[in-house]
Amino acid sequence: MPIPSRPLLLVLAASLFACAGQTPPPNPAEAPRAAIAPAKGYDARGQSKACEPPPADCPTVSPDRDLADRCSLGGFRMIQCGCEMLCAGDPGSGGAKQHYDAEGHGKACAPAKDDCTPEPASAAFQDACAEKGHKLEVCGCEWLCSGNPKL
């Protein structure tokens with residue numbers, strides 16, 4: 001077995017000494033809870049609430065089926081906040097689906113009008129919507145994204 005050259009040994013030794021005094025990068029799992037801002041959740045009435053982690057003594061929570069359906073149709077998911085299940089976004093009222101225009105403004109998605117053909121959506125809007133994992137839909141007589149393309 002060949003013996004490494006002297007310059008290579010010097011480089012290896014120098015790198016070991018250089019790293020010896022450094023602290024390892026912080027572990028995100030060990031970050032203090034207070035440093036993480038709580039998310040918001042929305043109840044069946046559309047009221048926002050701060051979303052805190054569930055306590056250890058929390059009973060099993062089942063989501064409200066109507067809220068879960070409206071939440072999913074609005075392009076959101078259900079999350080557990082404390083001891084209740086809430087929607088990660090405002091599901092809107094009356095079952096109207098929340099969609100977004102190219103500027104990121106939320107709008108209720110009205111049923112598509114049969115007597116109207118919307119102007120084609122810009123390529124930038126199509127790309128922004130798709131890159132966020134959403135899809136374009138005709139709402140009323142305009143193209144809207146099923147999620148906010150600006151977030």
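The values are calculated or read from the model by the stated rules, or taken from the named source; none is laboratory data. Keep in mind that what you see is a predicted model, and the values were worked out from it rather than measured. With ideal geometry, Cβ positions are generated from the backbone for all residues, glycine too; neighbour counts draw on all protein chains shown. Surface accessibility is based on the protein's heavy atoms, side chains included, excluding ligands, DNA and RNA. Shrake-Rupley method; radii C 1.70, N 1.55, O 1.52, S 1.80 Å.
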Do the conditions hold for D64, that is, is it open to solvent by less than 60 Å² (accessible area, probe 1.4 Å) and modelled with pLDDT of 55 or more? no
In the stretch 45-61, the residues that are closer than 13 Å to D90 by Cα, without any contact (Cβ under 8 Å) to a residue 40 or more places away in the chain and surrounded by 13 or more Cβ atoms within 10 Å (Cβ to Cβ): K49
Please state which of the following conditions F76 fails to meet, knowing it meets all the rest: (1) closer than 30 Å to T60 by Cα; (2) in contact with a Leu (Cβ under 6 Å, 6 or more places away or on another chain); (3) aromatic (F, W, Y). (2)
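Taking the condition of being at positive phi and either modelled with pLDDT of 90 or more or open to solvent by 60 Å² or more (accessible area, probe 1.4 Å) (or both), how many residues in the stretch 115-143 meet it? Reasoning before the result, please.
Pass one, the stretch 115-143, residues at positive phi: 133, 140.
Restricting the remaining residues to those that are either modelled with pLDDT of 90 or more or open to solvent by 60 Å² or more (accessible area, probe 1.4 Å) (or both) gives 133.
So the count comes out to 1.
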Name the residue, out of A112, A96, that is open to solvent by less than 40 Å² (accessible area, probe 1.4 Å) and at pLDDT below 90. A96
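Across the stretch 125-142, what is the number of residues that are over 22 Å from the mean Cα position of the chain (by Cα) and among the hydrophobic types (A, V, I, L, M, F, W, C)?
Residues of the stretch 125-142 over 22 Å from the mean Cα position of the chain (by Cα): 138-142.
Next cut, among the hydrophobic types (A, V, I, L, M, F, W, C) only: 138-139, 141.
Residues flagged as over 22 Å from the mean Cα position of the chain (by Cα) and among the hydrophobic types (A, V, I, L, M, F, W, C) within the stretch 125-142 amount to 3.
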Single match in S146, S72 (criterion: within 26 Å of K49 (Cα to Cα), under 15 Å from the mean Cα position of the chain (by Cα), of a type in the set (S, T, Y) and open to solvent by less than 70 Å² (accessible area, probe 1.4 Å)): S146
Give me the pairs: first residue in the stretch 65-84 and part of a helix (DSSP H, G or I), second residue among the small types (G, A, S) and surrounded by 17 or more Cβ atoms within 10 Å (Cβ to Cβ), beta-carbon distance under 8 Å, and six or more apart or on different chains, which are they? R70/G92; C71/A88; C71/G89
